[in-house]
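First the structure, in the form of structure tokens, and then the observations on it.
The values are calculated or read from the model by the stated rules, or taken from the named source; none is laboratory data. Quick caveat: nothing in here was measured; it's all calculated off a predicted structure. Using ideal geometry, Cβ is built from the backbone for each residue, glycine included, and neighbour counts are taken over all protein chains shown.
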């Protein structure tokens, strides 16, 4: 194909957009190595000071523990629910399907703040504030539609005749599910788990309303940190997030065709 | 005899079908109940000591709609969201088109991966990146001053454009994916047929590609539009107090003044606004689709 001038302009535009997207991330990484206290870029002096400072911080450690536990449990639940829902949607037809789909997708589509606010009022009533439950429920709500979508798009690749063959050979539905369907869906299931883990780990808008001093998540901690005046310490934590994002995206790209996830 | 056995099995089948949706339904119903609870609280009275008194009143809503500052916020929030959505669409469309039509799968995977990465980074971090870029001490000002283009730093942070830029950045990935998905589904033979019939590439695009990509445009923009209407993180950190969205107003009431009834009321006004605007949007799209026939 000849490289026309139109194609060249388009390519330049794409590169600019990519820079626009990852520029802020690179700047943040640069700031994290700053030896001074101001957010200067290029950094004046190179130092791991900020990394040491945040790694030693107690609030950071407990927030990390909280975020990690919440994300793991939430990913577990969301993947299971996503699988069941995707399977149910695909294998069975019934009226009112689109209404149910809309209902399930709603917490994800509407601003997360609304879910956070509503769960806050509910948990205040039932004295659940300060426990992990409202955060868990909120995170599952906003991530399981993603899982449903990912698994739904992989389901067509699982030929129903495999399941029929298993049933004819005498397997119960449970056996069919666990020994045929699920192993065939392994990439999609692992991807859903990763996706929902990240959504929970990085969620700010829901957790912001549901955390207290005793229970804090890292995004909320970052929010408070930035709110009270930013120093490069926030950049150091950010770098950890960026690295995590890159690793997860790489893993995802190995598991599924990236286009299917959305 | 036979009919009762078969009806027993069909009942079991229906029960079985429902079983798959049960977990999701439980969570969704929980969510709906929490919404009802929040709405309930929005009808209570605010008390600085106890946060709210369980007595019913609609004064929160009346206070909101009689306050011209609040009512103007509705329009400024919609205005902000529309600008961001349109600009995101303009920037994302070429990228999505390119991704869908580029021949090398390696490039496609690389660009998709690059687009996906920021999606997984906490929004606060991305906002912080923009603060570092746009602030008086930030990289743009540093470079411009180093090149001696300006003497004093340009004030490009803590205003509306900064918020718009930040919001576009977080929305781009989603929009590009939407466009990409829909253009990928367009059979290239349509475009080839148009070109071999003598149409210029512009006409091909305008009459073939663009109309067929409208589903992707619609789904991407409606997701982004809804999310932007509830945005409060970017206005807080990049707006410097000049950009007050409904989400920000509600957040302040929950976290600062602890006025839960008012905060809940604002949240529901926001929710109602989002749902009605999305509904109107879907009707408009349907109208245009019918017009095309």
Scanning region A:126-139 for residues that are more than 10 Å from chain B (Cβ to nearest Cβ) and under 20 Å from residue A:108 (Cβ atoms), the one surrounded by the fewest Cβ atoms within 10 Å (Cβ to Cβ) turns out to be A:133
With the checklist (1) over 25 Å from the mean Cα position of the chain (by Cα); (2) surrounded by fewer than 17 Cβ atoms within 10 Å (Cβ to Cβ) in hand, flag the one item residue B:41 doesn't pass. (2)
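Kindly provide the set of residues from region B:15-43 that are at the interface with chain A (Cβ under 10 Å from one of its Cβ atoms) and farther than 30 Å from residue A:92 by Cα, ordered by number. Quick ask: steps written out before the conclusion?
Step one: list which residues in region B:15-43 are at the interface with chain A (Cβ under 10 Å from one of its Cβ atoms), which gives B:16-42.
Residues satisfying the conditions are B:36, B:37, B:38, B:39, B:40, B:41, B:42.
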Filter pass, residue B:184 being in contact with a helix residue (DSSP H, G or I) (Cβ under 9 Å, 6 or more places away or on another chain) and more than 12 Å from every other protein chain (Cβ to nearest Cβ): no
I'm told residue B:51 meets every condition in (1) more than 14 Å from chain A (Cβ to nearest Cβ); (2) at pLDDT below 90 except one. Can you identify the failing condition by its number? (1)
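Can you tell me which residue among A:67, A:123 is touching a residue at least 24 places away in the same chain (Cβ under 8 Å), within 13 Å of another protein chain (Cβ to nearest Cβ) and over 21 Å from the mean Cα position of the chain (by Cα)?
Numbers: A:67 fails: over 21 Å from the mean Cα position of the chain (by Cα).
Sole residue among the options that is touching a residue at least 24 places away in the same chain (Cβ under 8 Å), within 13 Å of another protein chain (Cβ to nearest Cβ) and over 21 Å from the mean Cα position of the chain (by Cα): A:123.
Restricting attention to region B:182-213, which residues are part of a loop (DSSP other than H, G, I, E, B) and within 17 Å of residue B:93 (Cβ to Cβ)?
Pass one, region B:182-213, residues part of a loop (DSSP other than H, G, I, E, B): B:185-187, B:197-200, B:213.
Across region B:182-213, the qualifying residues are B:185, B:186, B:213.
For region B:244-270, what are the residues that are outside any helix (DSSP H, G or I) and modelled with pLDDT of 90 or more?
Narrowing region B:244-270 to residues outside any helix (DSSP H, G or I): B:244-245, B:256-259.
Hits for region B:244-270 are B:244, B:245.
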Any chance region A:109-118 includes a residue that's under 18 Å from residue A:213 (Cα atoms), crowded, with 24+ Cβ neighbours inside 10 Å, under 23 Å from the mean Cα position of the chain (by Cα) and within 12 Å of chain B (Cβ to nearest Cβ)? yes
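Residue by residue, here is whether (1) more than 14 Å from residue A:74 (Cα to Cα); (2) part of a helix (DSSP H, G or I) holds:
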{"position": "A:136", "(1), (2)": "no, yes"}
{"position": "A:143", "(1), (2)": "no, yes"}
{"position": "A:163", "(1), (2)": "yes, yes"}
{"position": "A:167", "(1), (2)": "yes, yes"}
{"position": "A:171", "(1), (2)": "yes, no"}
{"position": "A:174", "(1), (2)": "yes, yes"}
{"position": "A:182", "(1), (2)": "yes, yes"}
{"position": "A:197", "(1), (2)": "no, yes"}
{"position": "A:200", "(1), (2)": "no, yes"}
Complete set of residues in region A:224-237 that are part of a helix (DSSP H, G or I) and within 9 Å of chain B (Cβ to nearest Cβ): A:225, A:226, A:227, A:234, A:235, A:237
Checking the conditions here, which among A:221, A:252 is assigned to a helix (DSSP H, G or I), crowded, with 19+ Cβ neighbours inside 10 Å and within 17 Å of the chain's Cα centre (by Cα)? A:252
So, in region B:136-145, of the ones that are surrounded by fewer than 21 Cβ atoms within 10 Å (Cβ to Cβ) and not in a helix (DSSP H, G or I), which residue ends up nearest to the other protein chains (Cβ to nearest Cβ)? B:137
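Being in contact (Cβ under 8 Å) with a residue 24 or more places away in the chain, farther than 26 Å from residue A:9 by Cα and either assigned to a loop (DSSP other than H, G, I, E, B) or touching a helix residue (DSSP H, G or I) at 6+ places or on another chain (Cβ under 6 Å) (or both) is the requirement here; does residue B:163 meet it? Outline the logic, then answer.
Values: in contact (Cβ under 8 Å) with a residue 24 or more places away in the chain: yes; farther than 26 Å from residue A:9 by Cα: yes; either assigned to a loop (DSSP other than H, G, I, E, B) or touching a helix residue (DSSP H, G or I) at 6+ places or on another chain (Cβ under 6 Å) (or both): yes.
Here the answer is yes, as residue B:163 does meet what is asked.
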Would you check if there is a residue in region A:178-196 being within 11 Å of chain B (Cβ to nearest Cβ) and within 16 Å of the chain's Cα centre (by Cα)? yes
If residue B:239 passes every condition in (1) within 12 Å of another protein chain (Cβ to nearest Cβ); (2) closer than 28 Å to residue A:204 by Cβ; (3) touching a residue at least 24 places away in the same chain (Cβ under 8 Å) but one, which one does it miss? (1)
Which of the residues that make up region A:81-99 are facing chain B (nearest Cβ under 7 Å) and either part of a helix (DSSP H, G or I) or touching a residue at least 40 places away in the same chain (Cβ under 8 Å) (or both)? A:81, A:84, A:85, A:87, A:88
Residue B:79: under 26 Å from residue B:168 (Cβ atoms) and more than 8 Å from chain A (Cβ to nearest Cβ), yes or no? yes
Just checking, does region A:157-164 include any residue being buried (at least 17 other Cβ atoms within 10 Å of the Cβ) and either touching a helix residue (DSSP H, G or I) at 6+ places or on another chain (Cβ under 9 Å) or facing chain B (nearest Cβ under 10 Å) (or both)? yes
Just to be sure I understand, how many residues within region B:85-129 are assigned to a helix (DSSP H, G or I), free of Cβ contacts under 8 Å to residues at least 12 places away in the same chain and either more than 7 Å from chain A (Cβ to nearest Cβ) or in contact with a strand residue (DSSP E or B) (Cβ under 7 Å, 6 or more places away or on another chain) (or both)? 7
Kindly establish whether residue B:275 is outside any helix (DSSP H, G or I), within 12 Å of chain A (Cβ to nearest Cβ) and out of contact with any helix residue (DSSP H, G or I) (no Cβ under 6 Å at 6 or more places or on another chain). no
